[in-house]
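These notes are about the structure you will find just below.
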Amino acid sequence: ALILRASRVEDAAGLAELHGQPRFRWGTLRPRYPSIDVVRKWLETRSPDDVHIVAEAEDRIIGDAVLRPGKGRRAHAADIGMGVHDDFAGRGVGTALMAALIDTADNWLDLKRLELTVWTDNAPAQALYRKFGFVEEGVLRAYAYRDGAYVDALAMARLRGMG
């Protein structure tokens, strides 16, 4: 059974293993070989406003997602990011994580805008985001360095109740 819950400092080892998966790394901006200590420090020092959810199955962490609300005049918006363990891709974990983030954004935080970036060549992730109402807002050229080359990303956003 899939369990979604808030992350804990004790999740550092499981998150380091998740973030070290080749396909997971390919799809995110996470460092190549995250150490347990680095992940633990992030868990201990992250903003209390951030919502970080982990997905558990088979006694291990198989996905995570984060929602980072804006401040001041960007308090209506949040940046989101997520990833799924290589062994569990295409099995509904990303859908469950995204549904949980959107429920939190819409029904608990009253956020109007959710935004994310996704590689232009990551069609499965783009399809997931479109399923939840995200639309392309533009192409970010040479956005990041991946596998020896600069790659483009799409800026995508979901607006709620703003036309």
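The values are calculated or read from the model by the stated rules, or taken from the named source; none is laboratory data. This is a predicted model, so every value here is computed, not measured. Cβ atoms come from the backbone with ideal geometry, glycine included; neighbour counts cover every protein chain shown.
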Practice task
Scan (1) surrounded by fewer than 19 Cβ atoms within 10 Å (Cβ to Cβ); (2) out of contact with any helix residue (DSSP H, G or I) (no Cβ under 6 Å at 6 or more places or on another chain); (3) within 24 Å of Ala144 (Cα to Cα) for the single condition Lys71 breaks and write down its number.
Solution key: (3)
Problem - Residue count for the stretch 125-163, restricted to those that are over 15 Å from Thr28 (Cα atoms) and among the acidic types (Asp, Glu) - result: 2
Problem - Selection from the stretch 110-123 of residues that are within 17 Å of Leu29 (Cα to Cα) and in contact (Cβ under 8 Å) with a residue 24 or more places away in the chain - result: Glu115, Leu116, Thr117, Val118, Trp119, Thr120, Asp121, Asn122
Problem - Residue ranges of helices (runs of 4 or more DSSP H) in the stretch 1-53 with at least 1 members closer than 24 Å to Trp108 by Cβ and either hydrophobic (A, V, I, L, M, F, W, C) or free of Cβ contacts under 8 Å to residues at least 40 places away in the same chain (or both) - result: 12-19, 36-45
Exercise for the section: Can you give me the number of residues within the stretch 84-109 that are without any contact (Cβ under 8 Å) to a residue 24 or more places away in the chain and under 24 Å from Asp49 (Cα atoms)? Expected result: 3
Handout entry: Candidates Ile80, Ile102 - the one that is assigned to a strand (DSSP E or B) and either surrounded by 18 or more Cβ atoms within 10 Å (Cβ to Cβ) or modelled with pLDDT of 95 or more (or both)
Key = Ile80
